Amino acid sequence: MSPNLAMISDGKKFMWDGQIYDAKEEASRAGESYRNEHFETQVVEEDGKFLVYTRRTVKEWAAAVQ
């Protein structure tokens, strides 16, 4: 199994966390942990295994100083 390092979902780029999970529940727990750290997550099933893809959410934009 050679998962993609990145995926696009709803026009947003997500990066694979590098772990292969045997159970969906295990992947969901990992996803919840990432969400607690302000990441968006996607759990994907591939060949009977589960992958977690994450992307950091933007909290606020920095104003450009001129």
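The values are calculated or read from the model by the stated rules, or taken from the named source; none is laboratory data. Just so you know, these numbers come straight off a predicted model, no measurement behind them. Every residue, glycine among them, receives a Cβ derived from its backbone with ideal geometry; neighbour counts consider all protein chains shown. All accessible areas refer to the heavy atoms of the entire protein, side chains included, with ligands and DNA or RNA removed. Shrake-Rupley method; radii C 1.70, N 1.55, O 1.52, S 1.80 Å.
Structure notes:
- Qualifying positions in the stretch 18-29 - open to solvent by 50 Å² or more (accessible area, probe 1.4 Å) and among the hydrophobic types (A, V, I, L, M, F, W, C): Ile20
- Selection count, the stretch 30-56, where residues are surrounded by 13 or more Cβ atoms within 10 Å (Cβ to Cβ), out of contact with any Ser or Thr (no Cβ under 9 Å at 6 or more places or on another chain) and among the charged types (D, E, K, R): 1
- Within the stretch 5-17, the set of residues being open to solvent by less than 100 Å² (accessible area, probe 1.4 Å) and over 10 Å from the mean Cα position of the chain (by Cα) comprises Ser9, Gly11, Lys12.
- Taking every residue in the stretch 37-50 that is touching a residue at least 12 places away in the same chain (Cβ under 8 Å) and under 16 Å from Leu5 (Cα atoms) and pairing it with any residue that is in a strand (DSSP E or B) and among the small types (Gly, Ala, Ser), at least 6 positions away or on another chain, the pairs with Cβ-Cβ distances below 8 Å are Gln42/Ser9.
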